[in-house]
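Participant: Sending over a structure as structure tokens; questions will come in a sec.
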Amino acid sequence: MGEYTDLIQTIALTLGVAWASGINLYAAVTVLGVGGATGYVDLPEGLAVVQDPLVILAAAFMYCVEFFADKVPGVDSAWDTLHTFIRIPAGAMLAAGAVGNVDPAIAIAAGLLGGALTAATHATKAGSRLLINTSPEPFTNFGASVLEDVAVFAGLWAALANPVLFLAAFAVFLILLCLLLPKIVRGIAGLIRRLGRLLGLTRGPSAPAEAPAAALPAP
């Protein structure tokens, strides 16, 4: 029974850190670091480094920067674009470290799966925020950012304190992800086409040719 519980906790932590990293990497590292440093959770050896005060301070500082940058329309999309090259590899590394001191093949597999999950979560966040930014009012953007922050903290708490609850919620998230990603991709493609027409880079659909007028009978 103990081994089964440990396995569930490891799976939840691995998925949790990868999922959270795609939304807000710095919040994820801060939560793990503070939780480990205060003794609230025993982190695996591969994640013990995030308990270092220097790492916690750096992650907390960057979280504060992201907190404000993520709530400004336009700035958030630029921030997400830059963090494509940061969140995904970091999520893979955290996922690999979350499995603990195990066979290297298991750690590599966890890193690959974690990186893919981080990429999917990041793409969903960045794509949805890009579409939200087309709205002229700033409140939708601000509300979406706050909900993302709350989701990261609540999700990581569940992964650490109640792994079964987290895994159930994660299954629902995967279903929603499969439904949302194609719509987000189509929405972004439509946005790019509209932008291209505005800039004169592409042409809109041509109007149908008019039917030739019927010839009048000769008098």
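Participant: Quick check, is Thr118 assigned to a helix (DSSP H, G or I), at pLDDT 95 or above and β-branched (Val, Ile, Thr)?
Facilitator: Here the answer is yes, as Thr118 does meet what is asked.
Participant: Name every residue in segment 162-199 that is surrounded by 13 or more Cβ atoms within 10 Å (Cβ to Cβ), of a type in the set (Gly, Ala, Ser) and free of Cβ contacts under 8 Å to residues at least 12 places away in the same chain, in order of residue number.
Facilitator: Residue satisfying the conditions is Gly196 alone.
Participant: Pairs only if they're at least six apart or on different chains, beta carbon under 8 angstrom, first in segment 33-54 and more than 15 Å from Ala159 (Cα to Cα) and in contact (Cβ under 8 Å) with a residue 24 or more places away in the chain, second of a type in the set (Val, Ile, Thr) and assigned to a loop (DSSP other than H, G, I, E, B); list them, first residue then second.
Facilitator: Gly46/Val99
Participant: Also, quick follow-up: Can you name the residue in segment 73-86 that is in contact (Cβ under 8 Å) with a residue 60 or more places away in the chain and not in a loop (DSSP other than H, G, I, E, B) and is also surrounded by the most Cβ atoms within 10 Å (Cβ to Cβ) among such residues?
Facilitator: Let us first name the residues in segment 73-86 that are in contact (Cβ under 8 Å) with a residue 60 or more places away in the chain, namely 73, 76, 86.
From what is left, the residues that are not in a loop (DSSP other than H, G, I, E, B) are 76, 86.
Working: Asp76: 23, Ile86: 14.
It comes out as Asp76.
Participant: Of all residues being more than 13 Å from Val72 (Cβ to Cβ) and more than 18 Å from the chain's Cα centre (by Cα) in segment 128-139, which is modelled with the highest pLDDT? Just the residue, please.
Facilitator: Going through the qualifying residues, I end up with Thr134.
Participant: For segment 137-165: of the residues being among the acidic types (Asp, Glu) and assigned to a helix (DSSP H, G or I), which is nearest to Arg186 (Cα to Cα)?
Facilitator: Top of the filtered list is Glu148.
Participant: Name the residue, out of Ala28, Ala95, that is buried (at least 19 other Cβ atoms within 10 Å of the Cβ), in contact (Cβ under 8 Å) with a residue 24 or more places away in the chain and more than 30 Å from Pro138 (Cβ to Cβ). Steps first, please.
Facilitator: Values: Ala28 fails: more than 30 Å from Pro138 (Cβ to Cβ).
The conditions single out Ala95.
Participant: Something else: Considering each residue of segment 29-72, count those that are touching an Asp or Glu at 6+ places or on another chain (Cβ under 9 Å) and in a loop (DSSP other than H, G, I, E, B), and give that number.
Facilitator: Of the residues in segment 29-72, 1 are touching an Asp or Glu at 6+ places or on another chain (Cβ under 9 Å) and in a loop (DSSP other than H, G, I, E, B).
Participant: Only one of (1) in a helix (DSSP H, G or I); (2) over 30 Å from Thr38 (Cα atoms) fails for Thr134. Which number is that?
Facilitator: All conditions are met except number (1).
Participant: Taking the options Leu216, Leu201, Leu195, name whichever one is more than 24 Å from Thr118 (Cβ to Cβ), among the hydrophobic types (A, V, I, L, M, F, W, C), part of a helix (DSSP H, G or I) and at pLDDT below 85.
Facilitator: Being more than 24 Å from Thr118 (Cβ to Cβ), among the hydrophobic types (A, V, I, L, M, F, W, C), part of a helix (DSSP H, G or I) and at pLDDT below 85 holds for just one of Leu216, Leu201, Leu195, which is Leu195.
The values are calculated or read from the model by the stated rules, or taken from the named source; none is laboratory data. None of the values given here were measured: they were computed from a predicted structure. Using ideal geometry, Cβ is built from the backbone for each residue, glycine included, and neighbour counts are taken over all protein chains shown.
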